[in-house]
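Here's the structure we're looking at; comments come further down.
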Amino acid sequence: LSSKGASLCEFALKKRRINIIDNRAPFDRGMKTSPLLKSFSNSINLNGKNYSFENRAFEIEPGDKKRSEFLTTFKSSDLPFLMNKHIRLKNTTFIVDLTLINISQKRLEGSVSYYIYLNSPDFQILNSDVKNSIEKGILVNGKTVRYTDKSSEIEAVFSSTEFFRLREEDVYQEQFTSSGAQRFPLYKKVTFEIPTSIEPNKAALVRLVLRVNDLKEKRDVH
């Protein structure tokens, strides 16, 4: 877990040695630095103003001795709200509860966005109805979406207690090789946008859950 954005650095299926989420894209080895990809970081749009938290430092405290639970807080005098994130890891499930507390004198209305960087663009939505919606640019009013990597037989299931809008983007790196210019896949960026509305002195909770399933293990069992 990183203090920047209270974000997830890495999430792997250890017994298969497969990274689902990684904070570093595999750019050209000749590059000295590469951008850090902050999964489960957020931007918040309220009353027409956008607040980005990808590079903001949160206070982090462990919630248990096993360090499978964390409480994170961000406070700033220039914000009309306080922000807490309660993060829990249970086996192959990652749960984030984001709480916004309205400390202003007016209602705050807008959305909370979660950014996820899947380690491989091979993760695809196989449900045809959902896939067609995504190909048109956006999925509206979903509560659960399943991404499957057929080559590794891994499934990443995202769910929320509220309806979300989903956008996705496959990111590539262009590189010159002996065969000429080629594009290599880097990662898939998925954005979950969840609407919220908070009255003065009230709080709103926005949850996003990632559950990883090993389809190969399930197939072998049967």
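Results for (1) among the charged types (D, E, K, R); (2) surrounded by fewer than 13 Cβ atoms within 10 Å (Cβ to Cβ); (3) closer than 25 Å to Arg207 by Cβ; (4) modelled with pLDDT of 90 or more, shown as yes or no for each residue.
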residue	(1), (2), (3), (4)
Tyr114	no, no, yes, yes
Tyr117	no, no, yes, yes
Gln124	no, no, yes, no
Glu135	yes, yes, no, no
Glu174	yes, yes, no, no
Gln182	no, yes, no, no
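The number of residues in the range 43-61 that are free of Cβ contacts under 8 Å to residues at least 60 places away in the same chain, of a type outside the set (A, V, I, L, M), surrounded by fewer than 17 Cβ atoms within 10 Å (Cβ to Cβ) and under 25 Å from Ala12 (Cα atoms) comes to 4.
In the range 1-42, how many residues are at pLDDT 75 or above and assigned to a strand (DSSP E or B)? Let's see the steps before the verdict.
Start the filter on the range 1-42 by keeping residues that are at pLDDT 75 or above, which leaves 1-21, 36-42.
Now narrow it down to the ones that are assigned to a strand (DSSP E or B): 2, 4, 7-8, 10-13, 18-21, 36, 39, 41-42.
Residues in the range 1-42 being at pLDDT 75 or above and assigned to a strand (DSSP E or B): 16 in total.
Those residues that are of a type in the set (A, V, I, L, M) and over 18 Å from the mean Cα position of the chain (by Cα), I need them from the range 163-222; list them, please. Before the answer, list the steps.
In the first step, residues of the range 163-222 are kept if they are of a type in the set (A, V, I, L, M); the result is 166, 171, 181, 186, 190, 194, 198, 203-206, 208-210, 212, 215, 221.
Result: Ala181, Ile198, Ala203, Ala204, Leu215, Val221.
Selection of the range 194-204 for residues being assigned to a strand (DSSP E or B), of a type outside the set (Gly, Ala, Ser) and surrounded by fewer than 18 Cβ atoms within 10 Å (Cβ to Cβ) yields only Pro195. For the range 62-74, the tally of residues that are charged (D, E, K, R) and touching a residue at least 12 places away in the same chain (Cβ under 8 Å) stands at 1.
The requirement of being surrounded by 13 or more Cβ atoms within 10 Å (Cβ to Cβ), modelled with pLDDT under 80, closer than 19 Å to Asn19 by Cα and not β-branched (Val, Ile, Thr) is fulfilled nowhere in the range 140-163; no residue meets it.
The values are calculated or read from the model by the stated rules, or taken from the named source; none is laboratory data. In this text, all values refer to a predicted model and were calculated from it rather than measured experimentally. Note: ideal-geometry Cβ built from the backbone for every residue, glycine included; neighbour counts use all protein chains shown.
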